[in-house]
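Heads up: the structure comes next, in structure tokens.
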Amino acid sequence: MTPAIIVIVLAVLAMAGVYVSWRAGRLDRLHTRLETARASLDVALVRRSSVTLELASSGLLDPATSLLLAGLAHDARSALAGRELAGRGLADRELAESDLTKALRTVFSQPGFRASVLQASVSQASVPQTSVPQTSVSHTSVSQTGRAGADELLAELEATAHQVFLARTFYNDAVVATVAARRRPLARVLRLAGGAPMPEFFEIDDSLAPGGTGPGATASPAGDGAAGQERVP
């Protein structure tokens, strides 16, 4: 073997090593992005459950609705406890989160729901408190305070629901990119992903809009790459 051939072989091996290293680094960055997106989705879902529980215990809803929302919010949080989003129990969590969304959508779509909540907040705020001098605050001020608090709570719940939609979009986008990178022949042959489990899409009903047509509708928000794809085993 001539020196020229040796140099060429060594150059090719060096370039191959650099390329493999770059691929491995990119895959590692994609997994890091996936973990960050998964954590953000966890936070958003837990926050939605917390605000739902706050609304359910506020006394602004009728007893049956309060019990329903409190139970479903508790179920959603229980489905997360001790489980990884992409691990065991994912289907159970998807079902629990979707059930909570459907209940919230049903409640929010009731005719006059917001008006009834605001009226309940006014009535609640107008109840005399023996520990507070009643002459210091006017009835109008109390009513406005109650309405503002109820309005803020409803707006916060709607905001957390939209945040779930955004977080799920980002997570499913990360899944698309990671799965595509892991399915490349080089990544499969050299096992560049190591023992990391194959990520799965997180598909839930997350729209509060009637019929699921608003932001966070049931269609996969990850774009055409995620929509209609089967869950990766």
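Within the range 100-113, the residues that satisfy the criterion of being of a type outside the set (Ser, Thr, Tyr) and closer than 15 Å to SER66 by Cα are LEU100, LYS102, ALA103, LEU104, ARG105, VAL107, PHE108, GLN110, PHE113.
Listed by first and then second residue, the pairs linking a residue in the range 171-189 that is without any contact (Cβ under 8 Å) to a residue 12 or more places away in the chain and among the basic types (Lys, Arg) to a residue that is crowded, with 19+ Cβ neighbours inside 10 Å and not in a helix (DSSP H, G or I), with Cβ atoms under 7 Å apart and 6 or more places separating them unless they lie on different chains, form an empty list.
Inclusion of VAL7 among residues that are hydrophobic (A, V, I, L, M, F, W, C), loosely packed, with under 13 Cβ neighbours inside 10 Å and part of a helix (DSSP H, G or I) is warranted.
For every residue, the table says whether it meets (1) closer than 16 Å to ASP206 by Cα; (2) part of a helix (DSSP H, G or I); (3) modelled with pLDDT of 95 or more.
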position: ALA24; (1), (2), (3): no, yes, no
position: ARG29; (1), (2), (3): no, yes, no
position: THR32; (1), (2), (3): no, yes, no
position: GLU35; (1), (2), (3): no, yes, no
position: ASP42; (1), (2), (3): yes, yes, no
position: GLU54; (1), (2), (3): no, yes, no
position: GLY59; (1), (2), (3): no, no, no
position: THR65; (1), (2), (3): no, yes, no
position: ALA76; (1), (2), (3): yes, yes, no
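Criterion applied to MET1, MET15 was being of a type outside the set (S, T, N, Q) and part of a helix (DSSP H, G or I), and the one residue passing it is MET15.
Among the numbered conditions (1) at pLDDT 90 or above; (2) of a type in the set (Ser, Thr, Tyr); (3) farther than 30 Å from LEU34 by Cβ; (4) in contact with a Leu (Cβ under 6 Å, 6 or more places away or on another chain), tell me where THR106 comes up short. Every listed condition holds for THR106 apart from (4). Contact map, the range 49-71: first residue touching a residue at least 60 places away in the same chain (Cβ under 8 Å), second residue outside any helix (DSSP H, G or I), Cβ cut-off under 8 Å, separation 6 or more or different chains; pairs are LEU55/LEU61.
The values are calculated or read from the model by the stated rules, or taken from the named source; none is laboratory data. None of these values were measured; they are calculated from a predicted model. Cβ sites come from the backbone with ideal geometry, for glycine too, and all protein chains shown count toward neighbours.
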